[in-house]
Amino acid sequence: MTKKTRYKYIYGPVSSWRLGTSLGIDPISRDKKICTFDCVYCQVGQTAVLSDKREVFVPTKKIIEEIQSLPPLKIDYITFSGRGEPTLAKNLGEIIRRIRDARRGKIAVITNASLVDRKDVQEDLAFADLVMLKLDACSEEAFLKINRPVPSVKFDKSLQGMKKFRSGYKGKLALQIMFVEENKDCAPEIAGLAKDIKADEVQINTPLRPCSTRPLAKEELDAIKGYFQGMKVVHVYEGKKQAIKPISKTATSKRRGICEKLRSDD
Ligand code: SF4
């Protein structure tokens, strides 16, 4: 591999308030963002291709070659995320299994949970040590307003999928909730749903990287946190971050915006 194209599918490591030092894998890795959602607050831009079709976007072998060529790195998690929804990658489970053969360490998947009602997606996610499911809405109406999903994805189906996945999943399950102006009034209802899902942790977030939506203030997240009493909850303003040099600035900024902003995850 030439120096210029050395890392096309791997990015970071970045300092994540939720994961410590996180090395990213983008199993879609297309210039145009492909996602099942077009969230109002998305920090990697508008969705170019709104799709629910699972495909092999990057051959597993190519990702494993990059993993094997990594310099020695101290990382807490290898994390599937990037520009788009990682469960759209049909080979997600295979990539996770092959990474386990190639190196030690914990593996996380950050997913918007749109496809978690599917058996094949649940089987793939089961290979990860940590799965972080998005829950930004409390009703179909709010879901359409904030996440703007592909028409086949319905809020109730996704919610049932989360509960079903929880019942069989042996790893750590977290809920990631992005609060903005559009859904902050849903917080009490979302907290109720989070209790029903029985996740191990709830991560309350607001978009601190540049996007078209205003982030909520720390005081607002503190108040929202109050609705989640009895659960293990962290919020973005409480997270600790440190400066970390990515192995490839180009690969990283493509997934996460300009390099000055590489200090936190979404
Ligand atoms: S699910 Fe993630 S990548 Fe997709 S539109 Fe929402 S924030 Fe962006």
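In region 91-118, the residues that are among the basic types (Lys, Arg) form Cβ pairs under 7 Å with partners that are in a strand (DSSP E or B), at six or more places apart or across chains, as follows: LYS106/TYR77; LYS106/LEU130. Evaluate the following for ALA194: is it touching a residue at least 60 places away in the same chain (Cβ under 8 Å), among the small types (Gly, Ala, Ser) and not in a loop (DSSP other than H, G, I, E, B)? Considered against the rule, which asks whether it is touching a residue at least 60 places away in the same chain (Cβ under 8 Å), among the small types (Gly, Ala, Ser) and not in a loop (DSSP other than H, G, I, E, B), ALA194 comes out as no. Are any of the residues in region 2-13 out of contact with any Phe, Trp or Tyr (no Cβ under 7 Å at 6 or more places or on another chain), part of a strand (DSSP E or B) and surrounded by fewer than 22 Cβ atoms within 10 Å (Cβ to Cβ)? Scanning region 2-13, I find no residue that is out of contact with any Phe, Trp or Tyr (no Cβ under 7 Å at 6 or more places or on another chain), part of a strand (DSSP E or B) and surrounded by fewer than 22 Cβ atoms within 10 Å (Cβ to Cβ), so the answer is no. The residue that is farthest from the ligand (Cβ to nearest atom), among those in region 67-92 that are surrounded by fewer than 21 Cβ atoms within 10 Å (Cβ to Cβ) and not aliphatic (A, V, I, L, M), is PRO72. Just a yes or no: is a residue in region 28-46 within 20 Å of ARG97 (Cα to Cα), out of contact with any Leu (no Cβ under 6 Å at 6 or more places or on another chain), crowded, with 18+ Cβ neighbours inside 10 Å and in contact (Cβ under 8 Å) with a residue 60 or more places away in the chain? Checked against the condition, which is being within 20 Å of ARG97 (Cα to Cα), out of contact with any Leu (no Cβ under 6 Å at 6 or more places or on another chain), crowded, with 18+ Cβ neighbours inside 10 Å and in contact (Cβ under 8 Å) with a residue 60 or more places away in the chain, region 28-46 yields at least one hit.
So in region 129-149, with the set limited to residues that are within 19 Å of GLY82 (Cα to Cα) and among the hydrophobic types (A, V, I, L, M, F, W, C), which one is farthest from the ligand (Cβ to nearest atom)? Checked region 129-149; the qualifying residue farthest from the ligand (Cβ to nearest atom) is LEU130.
Only one entry of ILE64, ILE96 meets the criterion of being away from the ligand (no atom under 16 Å from the Cβ), among the hydrophobic types (A, V, I, L, M, F, W, C) and within 26 Å of GLY168 (Cβ to Cβ), and that entry is ILE96.
Are any residues in region 98-144 over 18 Å from the mean Cα position of the chain (by Cα) and closer than 22 Å to ARG54 by Cα, and if so, which ones? Residues satisfying the conditions are ARG98, ILE99, LYS119, ASP120, LEU144. Quick check on my filter: what residues within region 169-185 are more than 18 Å from the chain's Cα centre (by Cα) and surrounded by fewer than 22 Cβ atoms within 10 Å (Cβ to Cβ)? Hits for region 169-185 are LYS170, GLU181, GLU182, LYS184, ASP185. Among (1) touching a helix residue (DSSP H, G or I) at 6+ places or on another chain (Cβ under 9 Å); (2) in a loop (DSSP other than H, G, I, E, B); (3) over 30 Å from LYS74 (Cβ atoms); (4) without any contact (Cβ under 8 Å) to a residue 60 or more places away in the chain, which single condition is GLU181 missing? Here GLU181 clears every test but (1).
Each reported figure results from applying straightforward, stated rules to the coordinates on display, with no laboratory input. What you see is a predicted model; the values in this text were computed from it and never measured. Note that each Cβ is placed from the backbone with ideal geometry, even for glycine, and that neighbours are counted across all protein chains shown.
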